[in-house]
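A short worksheet on the structure shown next.
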Amino acid sequence: MNIAEHKLNLIRQIDALPEESLIELEKLIAQLRVNNKPSSKRQIGCMKGLVVYMADDFDAPLDDFKEYM
């Protein structure tokens, strides 16, 4: 069954619903749209303490790029 057939089947099922159920379905769809938003915003500093070790020569130039510098 392809997507077009699924859509047609869904439309037929919605068309057969009583009016009260259509109102409930509309509310449910509205809730789903609201719940699709990201759950939380990024927070500054939330990764603090994640890097526990960094080499002393971390900022030193790499040997592979000497000819470009």
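The values are calculated or read from the model by the stated rules, or taken from the named source; none is laboratory data. These numbers come from a predicted model, not from an experiment. Note that we place each Cβ from the backbone using ideal geometry, even for glycine, and neighbour counts take in every protein chain shown.
Pairs under 9 Å by beta carbon, first residue within 22 Å of Ile11 (Cβ to Cβ) in the range 25-39, partner in a helix (DSSP H, G or I) and at pLDDT 70 or above, six or more apart or different chains?
Listed pairs, sorted by first residue: Leu25/Ile14.
Could you go through the range 49-58 and let me know if any residue there is at positive phi and free of Cβ contacts under 8 Å to residues at least 60 places away in the same chain. First the steps, then the outcome.
Residues of the range 49-58 at positive phi: 49.
Now restrict to residues that are free of Cβ contacts under 8 Å to residues at least 60 places away in the same chain: 49.
Checked the range 49-58: at least one residue is at positive phi and free of Cβ contacts under 8 Å to residues at least 60 places away in the same chain.
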